[in-house]
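Note sheet for the following structure.
The values are calculated or read from the model by the stated rules, or taken from the named source; none is laboratory data. Note that the structure is a prediction, hence the values are computed from the model and not measured. Cβ sites come from the backbone with ideal geometry, for glycine too, and all protein chains shown count toward neighbours. Heads up: the accessible areas ignore ligands, DNA and RNA and are worked out on the full protein's heavy atoms, side chains in. Shrake-Rupley method; radii C 1.70, N 1.55, O 1.52, S 1.80 Å.
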Amino acid sequence: MPKIVSSSVISSSDHALQTEEQSKVLHVYYCLCSEFILVIDADLRQLPRRRTDNAVIVSNVRRTYKLTTEAGDCVLLKRRDGFERQYRYHCPRCNLTIAYEMNENRKSGLYTYILDGALTDTQGNVPPSAIMDVET
């Protein structure tokens, strides 16, 4: 009896069948000095903002992100309803303040706040929100 030989190609890659959740895109953000600072699973422009200072609210529970900053000092700010303690993060290259938290134990609180205008999605470009008009 003759031997029947057949060959077939099997591929486990199913790129055409990916759902929206499977194809999550990571977004990269840089400091104004072009230092790589943040990679996150969401676009910062679509995240909610804080009313007091327009900072972007990043949920430490719902979001996956890596913030490559250095821990800064604790700053006490006066707000309308009292005082607020901010544990700040700054750029390791230029020392610009990038973000803050309300909890002393970093990333153990509910939220991390990214300051408005501190980051850009294009390396070497300064976002319009980083520059303020000051009347003299």
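So what are the range 49-92's ellipsoid semi-axes, whole angstrom, largest first, if each one is the square root of 5 times an eigenvalue of the alpha-carbon gyration tensor? Output for the range 49-92: semi-axes of 21, 16, 9 Å.
The range 44-68 and the range 77-114 have Cα centres lying 12 Å from one another.
Here the Karplus relation 6.51 cos²θ - 1.76 cosθ + 1.60, evaluated at θ = phi - 60°, turns the backbone of the range 77-83 into coupling constants of 10, 8, 10, 4, 8, x, 10 Hz, with x for every Gly and Pro. Packing around the peptides 30-37, 91-98, taken as the average count of other Cβ atoms within 10 Å per residue, puts them in this order, highest first: 30-37, 91-98.
In this structure Val75 has an accessible area near 40 Å², from a 1.4 Å probe over the protein heavy atoms. On the principal axes of its alpha carbon atoms, the range 41-131 extends 36, 29, 25 Å, with the longest extent given first.
Order Arg80, Arg50, Arg62 by their accessible area, 1.4 angstrom probe, all chains in place, largest first. Provide the component values of the computation, followed by the final result.
Details: Arg80 240, Arg50 45, Arg62 180 Å².
Accessible-area ranking of Arg80, Arg50, Arg62, largest first: Arg80, Arg62, Arg50.
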